[in-house]
Amino acid sequence: METPIIEVIGLEKAFGDHMVLKGISMTVYPKEVVVVIGPSGSGKSTLLRCLNRLNEPTNGKILFQGYDIMSPDIDINVVRSQMNMVFQNFNLFMHLSVKKNVTLALTSVKKITQEEADRIADETLLKVGLTEKADAYPGQLSGGQQQRVAIARALAMDPKVILFDEPTSALDPELIGEVLDVMKKLAESGMTMVVVTHEMGFAREMADRVIFMDEGVIAESGPPEEIFTNPKNERTRIFLKRILKEIEDMDPLKPKYETPELAPEAEGVKAAEEGYKWSQEHKEPDEQKRWLGFKFLKRDKKK
Ligand SMILES: Nc1ncnc2c1ncn2[C@@H]1O[C@H](COP(=O)(O)OP(=O)(O)OP(=O)(O)O)[C@@H](O)[C@H]1O
Ligand SMILES: [Mg+2]
């Protein structure tokens with residue numbers, strides 16, 4: 001098999017005596033899209049931040065392209081430029097133009113000329129559809145546009161992997177789609193991505209693998225069709241049920257689960273006999289299927 005881009009072995013992270021990551025092992029292969037889901041506080045952000053040592057691991061090993069990133073010989077800034085991160089709150093420099101936000105690390109970390117950096121910025125801003133905003137300031141942009149600038153900035157570094165930590169969570173619902181579209185294009189172009197998100201439609205459509213984190217461990221992982229339709233772990237099941245319900249409640253076009261077409265069997269004899277009990281038992285997988293089929297499924301999976 002191919003050499004992994006990232007290999008995590010027995011990763012532990014404690015803040016003081018609070019053990020947050022309790023032995024995480026995972027592998028990310030080139031061009032893979034790995035989506036990390038899990039309840040708040042389960043350690044998703046900490047895991048991402050350990051991958052490029054924005055948080056220092058307490059124990060365990062992280063290999064990036066085969067190199068141990070804890071080794072004293074490693075230049076962590078180079079690792080970070082190749083394993084770039086997109087944050088929930090964009091983290092743009094508000095006093096710099098969009099273009100300058102993109103070129104800054106190119107000239108200061110990568111030490112390339114301003115002229116070459118400008119050329120790369122033009123190219124990446126085109127990719128995220130923001131060419132005409134190059135001279136604007138972040139404060140003049142919508143949240144979705146700001147997040148696309150942040151993605152352009154990450155992309156400009158020509159990274160091997162991009163880590164996304166809830167990139168759409170701070171956005172108004174109507175702006176989420178434009179950011180997910182850019183992320184899908186990136187995935188389709190073969191970018192390796194590790195994405196923490198609650199966007200189950202994105203996970204379902206784009207993930208090669210979904211990791212469910214719970215209380216500092218990987219409770220379950222597998223292809224999305226398996227995790228979403230047949231989760232083996234009870235906690236995954238409970239989490240998915242809750243999150244899908246939350247998303248449904250937020251969605252103005254929310255599907256109505258009580259509609260007959262959702263539970264065609266409900267008209268059958270069995271339903272009539274067992275009534276409430278039956279619908280309770282059968283509602284959960286139907287809900288999931290219904291919602292997961294609801295968005296993003298017009299496009300084919302990448303490649
Ligand atoms: N810098 C820190 N110092 C102390 N504790 C921290 C620090 N960062 C995270 N924690 C703790 O680690 C635990 C996991 O946090 P983390 O942010 O990784 O969770 P998460 O899964 O990303 O949650 P969310 O979905 O809310 O973003 C939490 O209990 C949090 O309080
Ligand atoms: Mg987090």
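Observations, loosely collected:
- Protection proxy ranking for 240-247, 47-54, 16-23, using the average of other Cβ atoms within 10 Å per residue and placing the highest first: 47-54, 240-247, 16-23.
- Maximal additional length on extending the residue 189-residue 230 stretch stands at 11.8 nm, based on 0.36 nm per residue less the C-alpha distance.
- Residue-normalised accessible area of the range 6-250, expressed per residue, 1.4 Å probe, Å²: 42 Å²
- Using R0 = 45 Å, the C-beta based FRET efficiency linking residue 59 and residue 122 works out to 0.55.
- Pairs beyond 19 Å (Cα-Cα), from 61/111; 22/44; 99/184: 61/111; 99/184
- When the Cα gyration tensor is reduced to axis lengths a ≥ b ≥ c, the ratio a/c is 1.5 or higher for the range 6-250, and with a/b not above b/c it is classed as oblate.
- Summarising the label geometry, the points placed 7 Å from Cα in the beta-carbon direction at residue 217 and residue 15 lie 2.2 nm from one another.
- Highest-first arrangement of 129-138, 6-15, 154-163, 180-189, where packing means the average Cβ count within 10 Å: 154-163, 180-189, 6-15, 129-138
- Projected label distance in nm at residue 89 and residue 76, using a 7 Å step from Cα toward the beta-carbon: 2.1 nm
- For the range 1-65 and the range 185-229, distance of Cα centres in Å: 14 Å
- Once both labels are positioned 7 Å from their Cα atoms along Cα-to-Cβ, the gap between residue 115 and residue 132 label points is 3.0 nm.
- About the Cα centre, charge dipole magnitude for the range 6-250 (Lys/Arg +1, Asp/Glu -1 at Cβ), debye: 280 debye
- Per-peptide average of other Cβ atoms within 10 Å, ordering 99-109, 65-75 highest first: 99-109, 65-75
- Carbon/sulfur fraction of accessible area - the range 6-250, other protein chains in place, 1.4 Å, %: 49 percent
- Multiplying the residue separation of residue 242 and residue 3 by 0.36 nm and removing their Cα-Cα distance gives an extension gain of 82.4 nm.
The values are calculated or read from the model by the stated rules, or taken from the named source; none is laboratory data. Source: prediction; values computed, not measured. Backbone-built Cβ (ideal geometry, glycine too); neighbour counts: all protein chains shown. We work out accessible area using only protein heavy atoms, side chains counted, and drop any ligands, DNA or RNA first. Shrake-Rupley method; radii C 1.70, N 1.55, O 1.52, S 1.80 Å.
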